[in-house]
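Notes for the one structure printed next.
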Amino acid sequence: MTLIDIPIVALGLVVVMVAVRMFVGPSRADRAAAADLGFFCFIALAALFGVRTDLPGVFDVILIATLTGFVGTLWMARLISRTNGSENA
């Protein structure tokens, strides 16, 4: 087991907890935050995979995915703020 494997396992556990929050979350904001965190956990897992396998092309994909995720986060925040006060889905 290398030093990179420990964060991979930890992020795997975080992804499981985020998935539970995403499907059980009491409000739309909780679900959106969990989806955002889950996306960036997958980005971190991809980065760790790139470090472990020493593939330089992975980091270009990570950069584009991170920018896309940021725009998605802004879109979800705007969508949630437009709701008419109903918190529960």
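FYI, it's all coordinate maths here, none of it is from the lab. A quick note: this is a predicted structure, and the numbers were derived from the prediction, not measured. Ideal geometry is used to build each Cβ from the backbone, glycine not excepted, and the neighbour counts take in all protein chains shown.
Taking label points 7 Å from Cα along the Cα-to-Cβ direction, T2 and L74 give a separation of 3.6 nm. For the chain, the longest principal axis of the Cα atoms and the long axis of helix 57-81 meet at an angle of about 10 degrees.
Per-residue ellipticity at 222 nm computed for the chain from its helices equals -28000 deg cm²/dmol, with DSSP H segments shorter than 4 residues left out and the rest contributing -39,500 (n - 2.57).
Between G57, G25, G38, the residue with the greatest mean-square fluctuation in the GNM of the chain (Cα pairs under 10 Å linked by springs) is G57.
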